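The values are calculated or read from the model by the stated rules, or taken from the named source; none is laboratory data. What you see is a predicted model; the values in this text were computed from it and never measured. Counting neighbours? That spans all protein chains shown, and the Cβs are built from the backbone with ideal geometry, glycine included. Note: accessible area is taken over every heavy atom of the protein model, side chains too, but ligands, DNA and RNA are not part of it. Shrake-Rupley method; radii C 1.70, N 1.55, O 1.52, S 1.80 Å.
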Amino acid sequence: MGRKLLTTASGRHALPRTRRLPLGLICFGAWSASVLTGQYMDAGPEIHRIGLAVHVVALTLAFGTILVVDWLGLLWILGKVALHEPGKLESVARPLIWGGIALLLASGATIKPDLGNPATCVKLVSVLVLMLNGLGVSPAMQRLMSLPAQTRFGGLGRRLRVRIMIAAAVSQSCWWTAVLVGLGNSTVRRWAGQ
């Protein structure tokens, strides 16, 4: 294995365990840099508006893609599509998801998150958790993609079923928390004239 990517039965490249930890540290570092930059940088009103627009576009890109991938995953759980369909879509959509998250972190630094607001702190932690969850679900996805295409959700081992359901629940909970808190904060700022 070493540094090479593993290839599953479907031809999808799997992330080796030795690369998940460095990628997790990169995610944590990028998240920390975004939060700290947002606290200590005064971008001014013009950059704030541009940053907010980029933030909305990035959110649409990343979260919209996640919703489609998770929807296809739900259809597989319900027996409506073959097992490899959600994995193929996720594999193709991965650059959109991670690119959108990178843009969210970059633009988030320009919109000056209020760390004195507990809801904002919950939002920021949700973003970190959803990134780490995305990396952490990789082994379960590798395992799924190595199974025959006709495999049904009920035919999986209990541990794998639970892992998939937890990862999906964490993903959706974190995304929706971040979106709703961000929308709430933006609305409150607008009402306050900021």
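When both residues are 6+ apart or on different chains and their Cβ atoms are under 8 Å apart, which pairs have a first residue that lies in the range 35-53 and is polar (S, T, N, Q), and a second that is assigned to a helix (DSSP H, G or I) and surrounded by 11 or more Cβ atoms within 10 Å (Cβ to Cβ)?
Matching pairs, first to second residue: 37/109.
Restricting to helices (runs of 4 or more DSSP H) lying wholly in the range 53-147: which have 1 or more residues that are surrounded by 18 or more Cβ atoms within 10 Å (Cβ to Cβ), under 12 Å from the mean Cα position of the chain (by Cα) and at pLDDT 90 or above?
Ranges flagged: 84-110, 118-136.
Of everything in the range 32-43, what is open to solvent by 40 Å² or more (accessible area, probe 1.4 Å) and either under 24 Å from residue 133 (Cα atoms) or in a helix (DSSP H, G or I) (or both)? Give them in sequence order. Walk me through how you get there before you give the answer.
Step one: of the range 32-43, the residues open to solvent by 40 Å² or more (accessible area, probe 1.4 Å) are 33, 36-37, 39-42.
Listed by number, the residues that qualify are 33, 36, 37, 39, 40.
Quick one: how many residues across the range 165-194 are surrounded by 12 or more Cβ atoms within 10 Å (Cβ to Cβ), under 15 Å from the mean Cα position of the chain (by Cα) and aliphatic (A, V, I, L, M)?
The qualifying residues number 6.
Taking only pairs six or more apart or across chains, which ones have beta-carbon atoms under 7 Å, a first residue in the range 144-171 that is without any contact (Cβ under 8 Å) to a residue 12 or more places away in the chain, and a second residue that is open to solvent by less than 40 Å² (accessible area, probe 1.4 Å)?
Between residues of the range 144-171 that are without any contact (Cβ under 8 Å) to a residue 12 or more places away in the chain and residues that are open to solvent by less than 40 Å² (accessible area, probe 1.4 Å), the close pairs are 161/153.
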